[in-house]
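S.K.: Would you mind keeping the following structure in view while I ask a few things?
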Amino acid sequence: MKQLILLIAVIGLGSISNAQTDSLHLTNALVVSHMDNQEDRYSLEVAISEMLTANQVKNAVSLNILKQGGDPQVLMTDSLTQILAAKGINTLMLVSIRGYDKRFKRSEKKLTLAEDLSAANLFSLYKDDIVSVTLEFHFYRNGKLVGSDLLKIGAISSREGVMKKLRKKLPKRIRKHWK
């Protein structure tokens, strides 16, 4: 009997830990790469947009909406929200580099959209002598955090290597956890 209760508890805890994206049901998204380097931002947004499109997720990139060097807080304005809603987009996907270590875990802190957009990003897409990078995805609907996810990319030796591995791993993540 004790073993049965322990088994149920373990299964229940396992499903709770993955619940941050299990109920996401992603059908549309505005992809916002939260990076300072314009080249990295462009590469990441376009690559993610292509992968979302290939998985039948309607999307747009922030590069088409924000001016270069523009304040991302504009994404919270009512007028922009209405324009996006008219295009059928109600989910904001913020992508940032969490760090260069394989041991990162999902943040348990529930950030508001304003806090997340104003947070500084210290990391670039690739750095010399680093062999792994962790991407963090936050999903917002109506200004509220509805999901978060981490994608760890290892065995990298160049910026192109990061993008190649991202193109391999992210479609699987989209199909299994986000849709």
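None of the figures in this text is laboratory data; all of them are computed from the coordinates on show. Note that this is a predicted model, so its numbers are computed, not measured. All Cβ positions, even for glycine, are placed from backbone atoms using ideal geometry, and neighbour counts span all protein chains on display.
S.K.: How big is the convex hull of the Cα atoms of the stretch 27-178, per residue, in Å³?
M.R.: 105
S.K.: Name the residues whose placed amide hydrogens come within less than 5 Å of the amide hydrogen of residue 146, ignoring near sequence neighbours (fewer than 5 apart) on the same chain.
M.R.: 139, 140, 141
S.K.: Using +1 on the beta carbon of Lys and Arg, -1 on that of Asp and Glu, and nothing else charged, what's the dipole of the stretch 27-178 about the Cα centre, debye to 20?
M.R.: 860
S.K.: Would you mind ranking 100, 140 so that the residue whose beta carbon has the fewest other beta carbons within 10 Å leads the list?
M.R.: 100, 140
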